[in-house]
Amino acid sequence: MKSPHRPCCWLLLFLALGILIGHFLPFTLIHWLWASSALVILSLFRPKIWPIYLGIFCLGAALIHVAHPPAMEPLRDWQVQLKQSFYQYLDPDEAGTMSAIVLGDRSQIPKEIKMSLQRSGTGHVVVTAGIHCAMMVTIVIFVLKFIRIPRLFQGWLSILLIFTYALLTGGSIPVMRAAFTASILLASYIFELESDAFNSLCAAALLILLMNADNLFDTSFQLSFAAVAAIILLCKPIEEMLSFLPRWMSVALAVSTSAWIGITPVQLCHFGTITPIGLIANLFIVPLLDIIVALGIFLAVIGLWSPPIAWMIAGCVKVVFNLMVVIAFWFANVPFGYLQLWSVNRF
């Protein structure tokens, strides 16, 4: 079988190598890198291609020394208004956690809920990322198809709303990763082209590193991309190994297991922890998270316009949210479900 064409994977590899070397060498040595790396790359790639990789390698080595301004929050006022909907219709603890799940503001999460999510291996639920963008795209495309908007406008409007939502939630690395990846896939949908998920993921990582090379050393960047890359590469083989189970169960286990395999080395390196209970906990938490995200988006928006409808949605949010918290608390207390192998001060 012919291997897929993944140019962004190679570009990302050389950019990351350049960033790593540039991080440990002073900027005055970058010119030495240009000459020495050219000899290596010349022996590995065709003459027409190697200058591209050489250029991206040197760019990465130089970018790490470029100062970047702090992230802007152009939609801060909108975020505050949407957050008020949660505090108006939900209890403070519920509102604080929902603000984190839907709007990316993790400053008001109750300590008990935060600890239970962390110890149950489900801390990703308070990180705005792929599920949120996928839900946004699903809602937008469903509405636009219903009112018979042409395919071209469906895709471009979805991309616009995804990046608006990404900025609205503060532009964190996980949500920007999801926004870039979703936009690349939507572009292929618009032009009716085939897309490779892993190449699209690498393209998203490439763009994020070009925006700020320091992101390579950010824990959120590493966890986010490790999880998604593992799902793309390992999910299908694991699903085939579990083919003796019902399909819905084998798919759920495959996704949970592959994501866990991807993030565990990063967790061990940065935190010294491992959460084997997360393999099972996510099977229960993720389906509830899908519902919570959808209801949370509706509550945040409709709460500004129609209080009667907002109260009904808030009631549904309370039921699903508290069920998720109870499950997280239960899994957090399973013996040996959360293991602290060494102190975070080790590194």
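A few remarks follow.
- Modelled this way, with points 7 Å down the Cα-to-C-beta line, the labels at M249 and N322 are 3.1 nm from one another.
- Given R0 = 35 Å, the distance between the Cβ atoms of Q84 and R151 translates into a calculated FRET efficiency of 0.45.
- Modelled label positions at Q340 and W305, each set 7 Å beyond Cα in the direction of Cβ, lie 4.8 nm from each other.
- Cut-off 17 Å (backbone N to label point 7 Å along Cα→Cβ of A197), residues of segment 256-275: 256-263
- Rounded if a/c under 1.5, otherwise prolate or oblate - segment 217-259, Cα gyration tensor axes: prolate
- Taking amide H positions as modeled 1.01 Å from N, with prolines and chain starts lacking one, the residues under 5 Å from T273 and 5 or more places away or on another chain are L268, L341.
- Residue-span extension gain [L20 to I280] - 0.36 nm each, minus C-alpha spacing: 90.0 nm
- With all protein chains modelled, accessible area of L233 [1.4 Å, Å²]: 90 Å²
- For segment 255-347: rounded, prolate or oblate by the Cα gyration tensor [a/c cutoff 1.5]: prolate
- The packing ranking of peptides 264-276, 235-247, 289-301, highest mean first, is 289-301, 264-276, 235-247, where packing means the average number of other beta carbon atoms within 10 angstrom of each residue.
- Per residue, segment 111-181 exposes an accessible area of 48 Å² to a 1.4 Å probe, with every protein chain left in place.
- Taking a ≥ b ≥ c as the square roots of the eigenvalues of the Cα gyration tensor, segment 85-129 is classed as oblate, since a/c reaches at least 1.5 and a/b does not exceed b/c.
- Here each label is just a point 7 Å from Cα along the line to Cβ, and for M241 and H65 those points are 4.5 nm apart.
- Only protein atoms count toward the accessible area here, which uses a 1.4 Å probe; on segment 150-296, the carbon and sulfur part of that area reaches 74 percent.
- Rel. contact order, % - alpha carbon contacts under 8 angstrom, at least six apart, segment 202-347: 24 percent
- Cα-Cα P(r), segment 75-166, percent of pairs per 10 Å interval: 15, 37, 31, 14, 3
- Largest-first ordering by accessible area, 1.4 Å probe, given options R148, R76: R148, R76
- Ligands, DNA and RNA are left out, and with a 1.4 angstrom probe the accessible area of segment 206-347 is 52 Å² per residue.
- The largest accessible area among Y89, Y338, Y189 belongs to the first residue in Y189, Y338, Y89, and the rest follow in falling order (1.4 Å probe, all chains).
The values are calculated or read from the model by the stated rules, or taken from the named source; none is laboratory data. Just so you know, these numbers come straight off a predicted model, no measurement behind them. Counting neighbours? That spans all protein chains shown, and the Cβs are built from the backbone with ideal geometry, glycine included. Surface areas here come from the heavy atoms of the whole protein model, side chains and all, with no ligands, DNA or RNA. Shrake-Rupley method; radii C 1.70, N 1.55, O 1.52, S 1.80 Å.
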